[in-house]
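Down below is the structure, laid out as structure tokens.
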There are 2 protein chains.
Amino acid sequence: MKRKSPDADALGGHLCFAVYSTGLAFNRVYKPILDRLGLTYPQYLAMVILRGEDGQTVGELGDQLFLDSSTLTPLIKRLEAAGLVTRRRDSEDERVVRVTLTDKGRAVAEEAKCVPGEVLAATGRTPEQLGVLERAIVQLRDTLRANAA
Amino acid sequence: MKRKSPDADALGGHLCFAVYSTGLAFNRVYKPILDRLGLTYPQYLAMVILRGEDGQTVGELGDQLFLDSSTLTPLIKRLEAAGLVTRRRDSEDERVVRVTLTDKGRAVAEEAKCVPGEVLAATGRTPEQLGVLERAIVQLRDTLRANAA
DNA sequence: CGAATATATATCGCGTGCGATTTTATCGCA
DNA sequence: TGCGATAAAATCGCACGCGATATATATTCG
């Protein structure tokens, strides 16, 4: 079957599609690595954040991940079901749920420290090159967020 | 509630997270615009590709979108249910399904031509600036795809 | 020709994302 | 004090993405 080369015409010049498809590509790189840890990519992000500071609330996690409780609550419940975190209402403010790593969760979070190195290799770039690109994309993201309806 | 500023520490320096969260931000910009057309973002991409060349196969669409039939088949069926496309087996090769815009679909695809301009405005950047960034990201994507397991 | 193989699409299950709504708790303020 | 407004999570429905599998058609090769 004759096939078009990707990006043949219509989608070329669409930065949004470049970002979208790069996200898909990143996911494909992460998947086999994270499978070994039994985590999905968003779950991995949550574990990294908790490794940095444990006992954060659902809202604090959401602020850093740009995700909402409607996405995070089920995700965190799956982490809980896997025995990696506990969920507890804050006694000071019963509206708030605090998420804490279990021993097993902390062990997995430590193991996860080797993930970025493996992904770096797949980019075929230096950390400096990636840093330049990252800053440009983050600035774009923040502009988009500021201008979103 | 005291909240961390996004990207406080743990996720800074992770290009993959920058790409991931920029994808979410783009989606938020596109959503209200595409809602007017009754399309999701991946559906919009498919319509743009078909506007460029009609009657493409599921596989050809997938090659350009980096998506698989398990994602595309349901998506295209929803476009069909909305009366925007027709799906027909190719008489030369009965394995292949060709997707063709209906009159209504072509009309929507034409309307969609105004979308990029609105999104451009939300980026607060010139097309030239975005072009530089796009090329860098596309190169990264292609490297990732080449190095994916 | 016919069996093995390859290809194109479809189906299924699971985990996101997110808009809309609900529930529970806290706060502001007369 | 009490009541309306605000805030934090949770719930629900829908549309992706994707791995694994199934099905139907084409192709290859003995």
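When the residues of segment A:33-61 are narrowed to those that are within 10 Å of DNA strand C (Cβ to nearest atom) and not in a helix (DSSP H, G or I), which ends up farthest from residue A:94 (Cα to Cα)?
Taking the candidates together, the pick is A:38.
Would you mind finding the one in A:71, A:126 that is among the hydroxyl-bearing types (Ser, Thr, Tyr) and either within 9 Å of DNA strand D (Cβ to nearest atom) or touching an Asp or Glu at 6+ places or on another chain (Cβ under 6 Å) (or both)?
A:71
Return only the number of the condition from (1) open to solvent by less than 20 Å² (accessible area, probe 1.4 Å); (2) outside any helix (DSSP H, G or I) that residue B:64 does not satisfy.
All conditions are met except number (2).
When residue A:113 is evaluated against the numbered criteria (1) more than 15 Å from DNA strand D (Cβ to nearest atom); (2) in a loop (DSSP other than H, G, I, E, B), which criterion, by number, is the only one it fails?
Against the list (1) more than 15 Å from DNA strand D (Cβ to nearest atom); (2) in a loop (DSSP other than H, G, I, E, B), residue A:113 comes up short only on (2).
Residue by residue, here is whether (1) crowded, with 17+ Cβ neighbours inside 10 Å; (2) within 30 Å of residue B:125 (Cα to Cα) holds:
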| residue | (1), (2) |
| --- | --- |
| A:104 | no, no |
| A:108 | yes, no |
| A:117 | no, no |
| A:130 | yes, yes |
| A:134 | yes, yes |
| A:138 | yes, yes |
| A:142 | no, yes |
| A:147 | no, yes |
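With respect to residue A:20, is the statement that it is within 17 Å of residue B:17 (Cβ to Cβ), over 14 Å from the mean Cα position of the chain (by Cα), within 12 Å of DNA strand C (Cβ to nearest atom) and free of Cβ contacts under 8 Å to residues at least 40 places away in the same chain true?
In short, yes.
Quick check, is residue B:78 without any contact (Cβ under 8 Å) to a residue 24 or more places away in the chain and open to solvent by 20 Å² or more (accessible area, probe 1.4 Å)? Give the derivation first.
Numbers: without any contact (Cβ under 8 Å) to a residue 24 or more places away in the chain: no; open to solvent by 20 Å² or more (accessible area, probe 1.4 Å): yes.
For residue B:78, the condition - without any contact (Cβ under 8 Å) to a residue 24 or more places away in the chain and open to solvent by 20 Å² or more (accessible area, probe 1.4 Å) - is not met.
Are any residues in segment B:13-51 closer than 22 Å to residue B:145 by Cβ and of a type in the set (Gly, Ala, Ser), and if so, which ones?
Answer for segment B:13-51, where residues must be closer than 22 Å to residue B:145 by Cβ and of a type in the set (Gly, Ala, Ser): B:18, B:21, B:23, B:46.
Of the numbered conditions (1) within 29 Å of residue A:148 (Cβ to Cβ); (2) within 16 Å of DNA strand C (Cβ to nearest atom), residue B:86 fails exactly one; give the number of that condition.
(1)
Show the residue pairs that are 6+ apart or on different chains and have beta-carbon atoms under 8 Å apart, the first residue being within segment A:128-149 and outside any helix (DSSP H, G or I), the second being open to solvent by less than 90 Å² (accessible area, probe 1.4 Å).
A:148/B:25; A:148/B:29; A:148/B:122; A:149/B:29; A:149/B:32
Looking only at segment A:69-104, count how many residues are among the charged types (D, E, K, R), outside any helix (DSSP H, G or I) and out of contact with any helix residue (DSSP H, G or I) (no Cβ under 6 Å at 6 or more places or on another chain).
Total satisfying the criteria: 8.
Search segment A:81-93 for residues that are under 17 Å from residue A:51 (Cα atoms) and pair each with any residue that is within 13 Å of DNA strand C (Cβ to nearest atom) when their beta-carbon atoms are under 6 Å apart and the residues are at least 6 apart or on different chains.
A:85/A:79; A:87/A:80; A:87/A:97
For segment A:93-148, enumerate the residues that are hydroxyl-bearing (Ser, Thr, Tyr) and facing chain B (nearest Cβ under 7 Å). I'd like the intermediate steps shown before the answer.
Quick first cut of segment A:93-148, residues hydroxyl-bearing (Ser, Thr, Tyr) only: A:100, A:102, A:123, A:126, A:143.
Passing the criteria: A:123, A:143.
The values are calculated or read from the model by the stated rules, or taken from the named source; none is laboratory data. No experiment lies behind these values; they were computed from the predicted model shown. All Cβ positions, even for glycine, are placed from backbone atoms using ideal geometry, and neighbour counts span all protein chains on display. Protein only, heavy atoms only, side chains kept; ligands, DNA and RNA dropped before computing areas. Shrake-Rupley method; radii C 1.70, N 1.55, O 1.52, S 1.80 Å.
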